[in-house]
Amino acid sequence: LFAGTTDFLKGVVAMNGLPDPDRMEVCFAGRSNVGKSTLINALTGRKGLARASNTPGRTQEINFFTVAESHYLVDLPGYGYANAPLAVVEKWQRLLKNYLSGRATLRRAFVLIDARHGVKDVDEEIMKLLDRAAVTFQCVLTKADKVKLQDREKVLDQTRKALSKHPAAYPELVLTSSEKGDGIETLRSIIYGLE
Ligand code: GDP
C-alpha cells in the first residue's frame, strides 16, 4: 500500500480547504516533538515527506497526503507548544474540532505518545476531543529505542490505564521506533486493514 505511492497533497488551514471525502483516511496527532514527522516518513518510506514543522506559524495546518490513491493520511499539527500565541492555539483548536467531528471518512486517529514520557495532560485533551467526536483512536508509542526494555512495560501499563477512561480508545497499543523500524510494519498493516 505504501511503497513509493505517497504524495503530499495539500496543507489545509480552514474547513473549506479540506479535500473531498472520497476515500478513507487516518490522522496522526501528537505533542510537538513526539516524533510524528519521523514516523510518517518511516511509514511511507519517504524521508522528506512530512517535515517537522515546529514553528507556531504552521501550527494551524492540517497536511494531507495521498497513499496509493485509496487513502488519505492526515498529519494534524503538533500540540502543546509552550510559546504559541493564544489566538493561534484557539484557531487551531476550532479547526481541529470541526475536522474531527465532521469528517465521515475518518476511520481512525493515531495519538502518538513519547514512550519516555507517557500520557500527558495535553494528550488527555486531544483524547477527550476524540471521545466527543466519536473518532476511534489508537495510541502509538514513539521512540521505543530510547526506553530500556525493563521500563517499557511500565509505560505500556500507564498508557493502558489512561486509555481505559476514554470510550473512543482502541485498546491495542503500538510500540514503535522510527529509528530502528520497530512497529512500523505493524502500523502499516493496521492502516491497511481498516475498512
Ligand atoms: P514532530 O515534532 O512530532 O514531528 O517530531 P519529529 O519527527 O521532528 O522528531 C522530533 C525529534 O525526535 C527529532 O530529533 C527526531 O530525530 C527524534 N526522533 C523521532 N523518532 C525517533 C525515534 O524513533 N527514535 C529516536 N531515538 N529519536 C526519534
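The values are calculated or read from the model by the stated rules, or taken from the named source; none is laboratory data. What you are looking at is a predicted structure, and each value in this text was computed from that prediction instead of being measured. Here the Cβ positions follow ideal geometry from the backbone for every residue, glycine too, while neighbour counts run over all protein chains shown.
Here are the numbers:
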read-out: First in segment 29-53 and in a helix (DSSP H, G or I), second anywhere and near the ligand (Cβ under 8 Å from one of its atoms) and β-branched (Val, Ile, Thr), Cβ under 7 Å, 6 or more apart; value: LEU39/THR142; LEU39/THR176
read-out: Subset of segment 179-195 [part of a helix (DSSP H, G or I) and of a type in the set (A, V, I, L, M)]; value: ILE184, LEU187, ILE190, ILE191
read-out: Search result, residues across segment 117-132 that are more than 16 Å from the ligand (Cβ to nearest atom) and surrounded by fewer than 17 Cβ atoms within 10 Å (Cβ to Cβ); value: ASP121, GLU124, GLU125, LYS128, ASP131, ARG132
read-out: Matching residues in segment 76-96 - criterion: being crowded, with 17+ Cβ neighbours inside 10 Å, farther than 18 Å from LEU112 by Cβ and among the small types (Gly, Ala, Ser); value: ALA84
read-out: Failed item, numbered, when ALA50 is tested on (1) modelled with pLDDT of 85 or more; (2) in contact with a strand residue (DSSP E or B) (Cβ under 7 Å, 6 or more places away or on another chain); (3) not aromatic (Phe, Trp, Tyr); value: (1)
read-out: Pick from segment 133-150, criterion modelled with pLDDT of 95 or more and loosely packed, with under 12 Cβ neighbours inside 10 Å, ranking: farthest from the ligand (Cβ to nearest atom); value: ALA134
read-out: Hits in segment 143-178 (condition: part of a loop (DSSP other than H, G, I, E, B) and either of a type in the set (Val, Ile, Thr) or without any contact (Cβ under 8 Å) to a residue 60 or more places away in the chain (or both)); value: VAL147, LYS148, SER164, LYS165, HIS166, PRO167, ALA168, THR176
read-out: Failed item, numbered, when TRP92 is tested on (1) closer than 19 Å to LEU39 by Cα; (2) of a type in the set (Phe, Trp, Tyr); (3) within 15 Å of the ligand (Cβ to nearest atom); value: (1)
read-out: Restricting segment 162-195 to residues that are among the small types (Gly, Ala, Ser) and surrounded by fewer than 16 Cβ atoms within 10 Å (Cβ to Cβ), the residue that is nearest to ASP121 (Cα to Cα); value: SER164
read-out: Segment 3-28: number of residues that are touching a residue at least 40 places away in the same chain (Cβ under 8 Å) and surrounded by fewer than 18 Cβ atoms within 10 Å (Cβ to Cβ); value: 16
